[in-house]
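A.B. asks: I'd like to ask some things about the structure below.
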Amino acid sequence: EVRAIFPQLLFTRKNIQYYQSGFEKTDTANDELQNDKINKVESIVLGVPVHVKFRSDRIGNFRVYTFMGGKVELDLSANKQAFGNKIKLTPFDYGVEAGFGFNFYFPVFILSPEIKISRGLKNVHNQSIDYNIVTSRIDQMNSRMIVFSLIFEG
């Protein structure tokens, strides 16, 4: 079975972690670059996943399934967040996904909790901003997510 869920709305928190090396601890001009940095930014992502779904036989009111496929996403806040005016992300991303879930059949609806692992294939680092010491050292940035979803079907 092939399924597409549109629109998928994700509320995410991105952790951008980068390591600084080659600076002396006494260099006061680079105080902000002394240690490992982790920037946490929340964003809203609108996406369209397309999956191929493999289901088991139904046992009473229960069924197990697994799926794999791809995704296309639009980060609605990518242009607004600049991570301290150092790192910007492009708004579009695409990638692959895989996961598993369960169908619980109730008289009025079907509840499907699922766990999905997602990996972006596109470089989301926006290198169009001014050249600086942080962005010059970044070759590529990709998204990686573990998503827990509750899907209600009528």
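A.B. asks: Can you find a residue that is over 13 Å from the mean Cα position of the chain (by Cα), at pLDDT 90 or above and surrounded by 13 or more Cβ atoms within 10 Å (Cβ to Cβ) anywhere in region 87-97?
C.D. replies: no
A.B. asks: A further question on this structure: Name every residue in region 105-154 that is within 27 Å of I16 (Cα to Cα), of a type in the set (D, E) and either assigned to a strand (DSSP E or B) or at pLDDT 90 or above (or both), in order of residue number.
C.D. replies: Result: E114, single match.
The values are calculated or read from the model by the stated rules, or taken from the named source; none is laboratory data. Just so it is clear, the structure is predicted and the values come from calculations on it, not from any experiment. Glycine also receives a Cβ, built like all others from the backbone with ideal geometry; neighbour counts cover every protein chain displayed.
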